Amino acid sequence: MVAAQQAGRGIIYIASGAPYVRDAERSARSAKKQHPDLPIALFSDVPSKDPAIDMWFEVKDPHRRSKLDYLARSPFRDTLYLDADTRVIGSITEPFGLLDRYDLAGCHVENRHPVSSATARLTDPKVDPGFTGFNGGVLYYRLSDRMQTFLARWSEGYKSENAKFDQPILRRLMWEMPEIGVIAIPTEYNVRTLRGILFRSKNESEARLLHLPWYKSADSALYRFWRTIRTGRCYPGNLVLMIRAFFM
């Protein structure tokens, strides 16, 4: 076990329910394989004895987005929060260095089609449409007084609005609180689609972290397979645009 007060940086997972805790343990094992000396903490309602977990903290009154209640309780000064449906396949420590200058680092949300029923929730009249939020499943942050305030407002906003999703509120707070320094990191630190794996050229940086529906073991294997395959499909409109591009 790594003493919390001695750990300057580390990874945390926040999971509720046995299936999600198992997913977090699998992700933690992949992280330990890449970074054996980087401490990992798990917040959950189910205790873990997995050797990849260095610290365990109990989640009380768990709910769909318990992570919002515990992000501010990280035992680390510099934290990488990871969703349980992730796998670490390369070095993920480089963005920690950004926290000497910024408060929060993450990857842009990829699903931003304005008329998509799945992403219409990201539309917020209070936020400039040109401002893109972060995917909430991979976040680097440094705990400070202003960051504690930011995280508290995120949790409070989710509860007061009885929201189903947490990312729209995250985006709004990033817009409304300019005192929080935010910076986007490259997509290889949060690869969300099969396209990001299959169509990555040798001139692009190698993927460091995969974040795919396949890793959600609570869902059936067939459903997970279907949702993951969907992330790799090519839409007819994209093919048309590709052809048109040669004649522009």
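The values are calculated or read from the model by the stated rules, or taken from the named source; none is laboratory data. Note that the coordinates shown come from a computational prediction; the quantities given were computed from them, not determined experimentally. Don't worry about glycine lacking a Cβ; one is built from the backbone with ideal geometry, like all the others, and counts go over all protein chains shown.
Within the bounds of segment 47-60, is there any residue that is in contact (Cβ under 8 Å) with a residue 60 or more places away in the chain and either closer than 30 Å to Thr132 by Cα or of a type in the set (Ser, Thr, Tyr) (or both)? So far as segment 47-60 goes, no, none of its residues is in contact (Cβ under 8 Å) with a residue 60 or more places away in the chain and either closer than 30 Å to Thr132 by Cα or of a type in the set (Ser, Thr, Tyr) (or both). Looking at Asp85, Asp61, just one residue is in contact with a His (Cβ under 8 Å, 6 or more places away or on another chain) and more than 15 Å from Tyr140 (Cα to Cα), and that residue is Asp85. Selection within segment 192-205: residues that are more than 20 Å from Ala24 (Cβ to Cβ) and surrounded by 12 or more Cβ atoms within 10 Å (Cβ to Cβ). The member of this set that is modelled with the highest pLDDT is Thr193.
Out of everything in segment 128-176 that is of a type in the set (Gly, Ala, Ser) and over 18 Å from Cys107 (Cα atoms), what residue ends up being surrounded by the most Cβ atoms within 10 Å (Cβ to Cβ)? The selected residue is Ser155. Scanning segment 35-55 for residues that are more than 18 Å from Asp83 (Cβ to Cβ) and not charged (D, E, K, R) turns up Pro36, Pro39, Pro47, Pro51, Met55. Taking segment 124-167 only, how many residues are part of a loop (DSSP other than H, G, I, E, B), in contact (Cβ under 8 Å) with a residue 24 or more places away in the chain and farther than 17 Å from Ser66 by Cβ? So the answer is 9.
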